1. Counting only helical runs of four or more DSSP H residues, what would the 222 nm mean residue ellipticity of the chain come to if each run contributes -39,500 (n - 2.57) and the total is spread over all its residues?
2. If you place +1 on the Cβ of every Lys and Arg, -1 on the Cβ of every Asp and Glu, and leave all else neutral, what size is the dipole of the chain about its Cα centre, to the nearest 20 Debye?
3. Among 18-24, 223-229, 146-152, how do they line up from the highest to the lowest mean number of other beta-carbon atoms within 10 Å?
4. Where both partners of a DSSP beta bridge lie in the chain, what percent of those bridges are antiparallel, to the nearest 5?
5. Measuring from centroid to centroid over Cα atoms, what is the spacing of segment 21-40 and segment 52-107 in Å?
6. I want to check the label-to-label distance for LEU211 and GLU91. Put each point 7 Å from Cα in the C-beta direction and report it in nm to one decimal.
7. Counting only heavy atoms of the protein chains, get the accessible area per residue of the chain (1.4 Å probe) and round it to a whole Å² value.
8. Tell me the carbon and sulfur percent of the accessible area for segment 5-197, rounded to whole percent, probe radius 1.4 Å.
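The values are calculated or read from the model by the stated rules, or taken from the named source; none is laboratory data. Remember, predicted model here, so these are calculated numbers, not experimental data. Every residue, glycine as well, gets a Cβ built from its backbone with ideal geometry; the counts of neighbours run over all protein chains shown. Ligands, DNA and RNA are stripped out before the accessible areas are found, and what is left, the full protein with its side chains, is counted by its heavy atoms. Shrake-Rupley method; radii C 1.70, N 1.55, O 1.52, S 1.80 Å.
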Amino acid sequence: MSDTLLQDVTDGIAVLTVNRPEALNAMNVALLQALDAALAALEGSDVRAAILTGTGKAFVAGADIAAMAEMSVADAQAFSVLGHRVARRLEEASFPTLAAVNGFALGGGCELALACDFIYASEKAKLGLPEVGLGVLPGWGGTQRLPRRVGVGHARELIFSGRVIDAAEAQRIGLVNAVFAPDALLDAARATAREIAAKGPCAVRATKRLLLEGPEQALTEANAAEVRAFGKLFGTADQREGMKAFLEKRAPRFEGR
Ligand code: CAA
């Protein structure tokens with residue numbers, strides 16, 4: 001783990017903290033690579049939920065503008081590919097990912113939050129995709145994930161104007177699920193992560209995949225995938241344990257198999 005990316009794993013919950021406060025946690029290649037490696041390493045571990053957050057007054061204030069300023073077309077495309085890879089890892093992780101947006105989540109920072117399954121925000125959070133103001137565009141999935149999260153009307157307005165919105169507005173349009181006092185944000189994220197971690201891991205994993213892939217499919221195909229996934233869970237120890245525990249009026253002890 002690098003100094004600019006902190007990781008804590010406690011009771012099956014990983015907290016990844018971007019820690020470059022002097023640059024408002026702006027992401028350069030090294031930081032993206034560190035996040036990519038950290039997420040890859042969590043696959044196959046017993047982690048059941050992950051929280052992404054930042055140190056100081058920013059979640060992530062975007063891709064590193066100083067690093068991008070002199071990029072060639074080829075450099076910029078490679079940087080975009082790397083950002084997309086990290087976003088995809090958050091989105092496709094075998095466990096739910098939760099963004100705890102403690103401050104600025106701008107540009108690439110907002111895009112990483114959007115790649116998480118859902119977003120909690122501090123009252124101090126500011127979110128937006130201001131890239132057009134720099135003469136570029138959201139390059140880590142923002143043009144695609146923002147409309148899918150908030151609808152095309154809000155997404156077009158925010159992306160074309162580059163406007164930065166506060167947490168209350170972000171919640172109103174459905175970008176953020178819930179808003180908390182700054183000191184309460186991480187505890188709230190951990191509490192939800194604990195709720196998730198207590199559920200059947202095979203079931204949560206299968207549900208995450210259906211929720212991710214369904215919108216790309218025709219409804220009949222997506223429903224057929226749900227039927228297959230539902231049936232498949234009846235071949236797991238988690239299903240037997242979950243239902244046995246219910247009938248025995250006790251808490252289940254899931255093993256994730
Ligand atoms: N890249 C590089 N450095 C950044 C940065 C970024 N995205 N955001 C902030 N910083 C640096 C500042 O340059 C400054 O460094 P120095 O102290 O060395 O001057 C330091 O962090 C503190 O920032 P400010 O003094 O600007 O802090 P502020 O409180 O006055 O303003 C802010 C905060 C409104 C977030 C402002 O920093 C800002 O507008 N940052 C840029 C936000 C942005 O445009 N993000 C999108 C980047 S493009 C992108 O992300 C492309 C993509 O889709 C992949």
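1. Details: 11 runs with 123 residues, N = 257.
Mean residue ellipticity at 222 nm (helix-derived): -14500 deg cm²/dmol.
2. On the way: 28 positive and 30 negative charges, 170 e Å.
I would put it at about 820 debye.
3. 18-24, 146-152, 223-229
4. Working: 9 of 31 bridges.
Percent antiparallel among DSSP bridges in the chain is about 30.
5. Here the two parts' Cα centres lie 7 Å apart.
6. Calculated label separation equals 1.5 nm.
7. Values: 12980 Å² over 257 residues.
Heavy-atom accessible area per residue stands at 51 Å².
8. Details: 4430 of 8230 Å².
Answer for segment 5-197: carbon and sulfur cover 54 percent of the accessible area.
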